[in-house]
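The values are calculated or read from the model by the stated rules, or taken from the named source; none is laboratory data. These numbers come from a predicted model, not from an experiment. Note: ideal-geometry Cβ built from the backbone for every residue, glycine included; neighbour counts use all protein chains shown.
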Amino acid sequence: MDYVDPKNSLNMPEMADMTLAMDFLIRVKEGVRNTAIALTETVSPDARTLLRNQLHQGIAFHQEITDLMVRKKWFHPYDLQKQYQLDQLSANKTVDISKMKLFPDDTTRKGMFDRTPDEHMGGNQA
């Protein structure tokens, strides 16, 4: 099977977009959480103001990504059955990709080069 053939990558761009968006959402959520933790441990008024602004921006960004994912039907936060089906599809695609034979059995490079790397310099004088 030729995995580079476009017919074998049906729905893959959409799945990749959905996966990347979900990963991005998780990373932004981690940033919001870490900023909130830092805010609780900061005593400097200037630093607290900076972190508070950063926290508000992070929350707004999280909402923006969530809205995009809901609009594109990549995320169903209020319909657990649909979200479960989407998660199952993603997991099955991951398993399918892991079963693909993407690399040759023999990955050695022995015999692929016609000369030693420093031959043009007179042997081992590099």
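Of the residues making up the range 23-35, those that are over 24 Å from Leu89 (Cβ atoms) and exposed (fewer than 15 other Cβ atoms within 10 Å of the Cβ) are Glu30, Arg33, Asn34.
Scanning the range 34-48 for residues that are part of a helix (DSSP H, G or I) and touching a helix residue (DSSP H, G or I) at 6+ places or on another chain (Cβ under 7 Å) gives Thr35, Ala36, Ala38, Leu39, Arg48. In the set (1) at pLDDT 70 or above; (2) within 18 Å of Lys99 (Cβ to Cβ); (3) not polar (S, T, N, Q), Leu10 fails one condition alone, (1).
Under the condition of being hydroxyl-bearing (Ser, Thr, Tyr) and under 21 Å from Asp23 (Cβ atoms), which residue from the range 91-109 is modelled with the lowest pLDDT?
It comes out as Ser98.
Comparison of Gln88, Gln81, Gln63 shows that the only residue that is surrounded by fewer than 15 Cβ atoms within 10 Å (Cβ to Cβ), modelled with pLDDT of 95 or more and farther than 19 Å from Lys29 by Cα is Gln81.
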